[in-house]
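This report refers to the structure that appears directly beneath it.
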Amino acid sequence: MKSVLLAAGLAFGLASAVAAAPATYTLDPSHSQIVFDYTHLGFSTTTGMFSGFEGTIQFDAEDPAASSVEVSFPTASLFTGWDARTQHFLTEDFFGAEASPEISFKSTGIEVTGEKTGKITGDLTINGVTKPVVLDAEMTQMGEHPMEKKPWVGFNATTEIKRSDFDMGMFAPYVSDEVQIAISIEAMKVE
């Protein structure tokens, strides 16, 4: 009887440990994007977008500060709505897509600021340059995807960077050095 209770106790303990482990989510590339904007000569706000993400979120629902995220996407996925501008942005004057074909972000820490909000600190690599950034993040929803019938999670985040920090400061300050970034992602749980 003792051995049965011991085995049951070990099984329960193992199940509890497994349940407490962070869950892995992979990004849904069809519903994840980064939109950025900057001011052009003070006349307008110009917008661009990246998509085609690959990445994972290790989400710990019991301890969100112990979560992490790692994302990458092709530099050439840039879309600005004006082909000549897009092609110029991909040159060595800006994103250097030929020499640096990938943009990436890897979290280094998370500070929980509310029930569904936090600050995600991490290393952003653009144009071959890596700098720390802080994302103001919010979980938009977590639950079963109504069509996929799988656990799903969504996040929005914002940040501001300086182009010059990533060796992309051409035309500053006439074209703003400061770039506003808005991120929206969906991710599915790996089962």
* Show which lysines lie in cross-link reach of residue 106 when reach means a straight Cα distance below 27 angstrom and same-chain residues fewer than eight apart are skipped. => 116, 119, 131, 150, 162, 189
* Asked: Local charge sum around residue 134 (other residues, Cβ-Cβ under 15 Å, Lys/Arg +1, Asp/Glu -1)?
  -> -3
* Can you give the relative contact order of the chain as a percent, counting alpha carbon pairs under 8 Å and 6+ residues apart? -> 22
* On a 0 to 90° scale, report how tilted helix 2-20 is relative to the longest principal axis of the chain, with both axes built from alpha carbons and the result rounded to the nearest 10. => 10
* Asked: For the stretch 82-191, what's the relative contact order in percent, using C-alpha pairs closer than 8 Å and at least 6 residues apart?
  -> 19
* **Surface accessible to a 1.4 Å probe, per residue, for the residues of the chain, Å²** => 59
* Carbon-plus-sulfur fraction of the accessible area of the stretch 103-169, 1.4 Å probe, in percent? -> 48
* Structure fact -> Per the helix-only model, the chain has a calculated mean residue ellipticity at 222 nm (DSSP H runs of ≥4, -39500 (n - 2.57) each, divided over all residues, rounded to the nearest 500) of -4500 deg cm²/dmol
* Protection proxy ranking of 136-147, 175-186 - average other beta-carbon atoms within 10 Å, highest first -> 175-186, 136-147
* Asked: Net charge near residue 121, counting Lys/Arg +1 and Asp/Glu -1 over other residues with Cβ under 15 Å of its Cβ?
  -> -2
* Please name which of 46, 166, 72 has its Cα lying farthest along the dipole of the chain towards the positive end, using unit charges on Cβ (Lys, Arg +1; Asp, Glu -1) and the Cα centre as origin. => 72
* Note down the magnitude of the dipole of the chain about its Cα centre, charges +1 on Lys and Arg C-beta and -1 on Asp and Glu C-beta and zero elsewhere, to the nearest 20 debye. => 460
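The values are calculated or read from the model by the stated rules, or taken from the named source; none is laboratory data. Quick caveat: nothing in here was measured; it's all calculated off a predicted structure. Glycine also receives a Cβ, built like all others from the backbone with ideal geometry; neighbour counts cover every protein chain displayed. When the accessible area is computed, the model is the full protein with side chains, heavy atoms only, and any ligands, DNA or RNA have been set aside. Shrake-Rupley method; radii C 1.70, N 1.55, O 1.52, S 1.80 Å.
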